[in-house]
Structures are given as structure tokens and as C-alpha cells.
Amino acid sequence: MGNQFGQYTKKDVLILGLDGAGKTALLSTLKMGNILTFTGTHYETIDVNGVSLSCLDLSGRNKERPMIHLSTPTAAAFIHVVDSSDKVRLDQSLDELIKFVLLEKKTSGTVVMVLANKQDIPGCMSALEIQEALTLKYTFSPNSSLAHTVFVRQCSVLTKEGMHEALGEFVEQMQLKRSGHAKPGLLSLDEQNKVDDVHGSSGKLRKENQNDSVALSKVKAFFKNPFCLFQLK
Ligand SMILES: Nc1nc2c(ncn2[C@@H]2O[C@H](COP(=O)(O)OP(=O)(O)OP(=O)(O)O)[C@@H](O)[C@H]2O)c(=O)[nH]1
Ligand SMILES: [Mg+2]
């Protein structure tokens, strides 16, 4: 697990969310197959269905909050992790998503996955409940070409249930976005990628996945904003 940042590094995917939501658990599980406990901010490159994603796991702790403003303009896409068992702080979590991503003009047009984590905890909120809470707070305007593509999915990083499916969909939405086919606004929970509609066949999309290093390198070229030096604990 990388725990040192180089200066001026560009990042593709920014993992956000309050402290304790499961950001580091997600990244370590995707990278190494199980939850590892690290504090602070981490950078890792992971592979999702053959697509390489550079991920920045930005600590939710106060000390590192100012980094959000520096890193959001450099991100191609966002994963906002929510602790679905933490009903008390759901408002705060969604407020941060709205403030740092949805209302931030520099992130316009990006893919945003809200990941309702910790579904293994009895009595936790479902993705639908979290989506409803989000729509009460924020009005999506799908008609704008600059609108984010937002979708809410649920998983348990602990049991891995739903985790790989959610990440797979996230990558597909990133690819649709790059090809200009992503649907802006809030995607419904049961909305599947209209892969066949867009690409003619799912086989073609899989082929595009394999060629993604070229697409990714083009995307990376967009993100020329300097990053910052992270000092880890
Ligand atoms: N029950 C359960 N616990 C989880 C799950 N995912 C993460 N956790 C636990 O939640 C705690 C916090 O997880 P982290 O990944 O460190 O949280 P974080 O979002 O990185 O928090 P900060 O780095 O402080 O911003 C750890 O004890 C994890 O083991 C899950 O799906 N279910
Ligand atoms: Mg963490």
C-alpha cells in the first residue's frame, strides 16, 4: 500500500467520504483482497475488469480536509463512500459530497458513484434511502451538458458483497463518459448501463476495456493541475 506521495502527481479517481466510512478499506481490499488498516491519505493503482485506475484515498479526518480543494480539480471521477450504518452523520456526508463535488464547477461532467458501504451491519440504510436523502438535498439537472453522472450503489467491503459489481459499473460509466455516451444526472438504482444501445454489443465494450490504456492516457493528459505533497502520519 503506497503511503508516500510524489509532488505534482495527477490522480484519476478521488475517493471521498467522512472518516470511518471505509475508503481505505475499499482501496486496500480492491488492491490486496482484504481490509488493511492505514490512517491518512493513500494513493494506489488498481485494476478493475482490466482497466487500470489511479485512486487517491483522501482521509476524512480534519487535518487533511484542506487537501480536498486541491485534489478535486485533478480527478476524472469520484467515489463518495458512505457508512450506511451511521444515520447520524448521513447529512454531513451528503453535504460534503454536494459542497466538494456536485457544486464544484471544476468537477463538472465527471462520474460520481456514491457507495453505500457497510451493508453487512443490521439496520443500516439502503442505497435507495441514501439516494432519497440526496435528492432531498440536491436538485439534479440532467439537461446540462456539464452535469455530473451520479449513481448510488450499495456494498459491504467487509464481505465484498456488491463491491466488485459497483466498481465494474463505475468503470463502465467512466468509459461511457469518455465516449460521450454517459447519461447526465442521477441514474436510477436499477438503471443498467445501456451498453447494447450505445455500443451495439457488450462484446464491443469489453474490447474497449482492453484498449483502455490508450483512452486512459488521453484522459490523464487533461489533468495538468499540479498536485500537492502529502505528509502522512
Ligand atoms: N462492518 C463493516 N466495517 C467496515 C466495512 N468497511 C470498512 N469497515 C471498517 O470501518 C472502519 C473504518 O474504515 P476505514 O477504511 O479506515 O475508513 P476511512 O474512510 O478510510 O476513514 P479515514 O481514513 O479516517 O477517513 C475500519 O474498522 C474498517 O474495518 C464494511 O463494509 N463493514
Ligand atoms: Mg482512511
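The values are calculated or read from the model by the stated rules, or taken from the named source; none is laboratory data. The model shown is predicted, which means the values in this text are computed figures rather than measured ones. FYI the Cβ positions are ideal-geometry reconstructions off the backbone, even for glycines, and counts take in every protein chain you see. Just so you know, the surface numbers come from the protein's heavy atoms only, side chains and all, with ligands and any DNA or RNA stripped out. Shrake-Rupley method; radii C 1.70, N 1.55, O 1.52, S 1.80 Å.
List the number of the failed condition for residue 34; all other conditions in (1) modelled with pLDDT of 85 or more; (2) assigned to a loop (DSSP other than H, G, I, E, B); (3) buried (at least 20 other Cβ atoms within 10 Å of the Cβ) hold.
(3)
Please work out if residue 101 is open to solvent by less than 10 Å² (accessible area, probe 1.4 Å), under 29 Å from residue 33 (Cβ atoms) and not in a helix (DSSP H, G or I).
Against the criterion (open to solvent by less than 10 Å² (accessible area, probe 1.4 Å), under 29 Å from residue 33 (Cβ atoms) and not in a helix (DSSP H, G or I)), residue 101 does not qualify.
Identify the residue in region 138-191 that is of a type in the set (D, E, K, R) and not in a loop (DSSP other than H, G, I, E, B) and, among all such residues, is modelled with the lowest pLDDT.
Looking at residues that are of a type in the set (D, E, K, R) and not in a loop (DSSP other than H, G, I, E, B), I get 178.
Evaluate the following for residue 71: is it surrounded by 14 or more Cβ atoms within 10 Å (Cβ to Cβ), hydroxyl-bearing (Ser, Thr, Tyr) and modelled with pLDDT under 80?
Spelling it out, residue 71 is indeed surrounded by 14 or more Cβ atoms within 10 Å (Cβ to Cβ), hydroxyl-bearing (Ser, Thr, Tyr) and modelled with pLDDT under 80.
State which residue pairs qualify: first residue closer than 22 Å to residue 188 by Cβ and inside region 153-166, second residue hydrophobic (A, V, I, L, M, F, W, C) and assigned to a loop (DSSP other than H, G, I, E, B) in any location, beta carbons under 6 Å apart, and separation of 6 or more residues or different chains.
That search, which allows pairs on different chains as well, returns 162/155; 163/155; 163/157; 166/155.
When the residues of region 114-161 are filtered to those that are among the small types (Gly, Ala, Ser) and buried (at least 21 other Cβ atoms within 10 Å of the Cβ), which remaining residue is nearest to residue 55 (Cα to Cα)?
Here the answer is 116.
Out of 81, 88, 111, 51, report the one residue that is open to solvent by 10 Å² or more (accessible area, probe 1.4 Å) and either of a type outside the set (Asp, Glu) or without any contact (Cβ under 8 Å) to a residue 12 or more places away in the chain (or both).
88
Of the conditions (1) within 11 Å of ligand 1 (Cβ to nearest atom); (2) in a helix (DSSP H, G or I); (3) not hydrophobic (A, V, I, L, M, F, W, C), residue 86 satisfies every one except a single condition; which number is it?
Here residue 86 meets the rest and fails (2).
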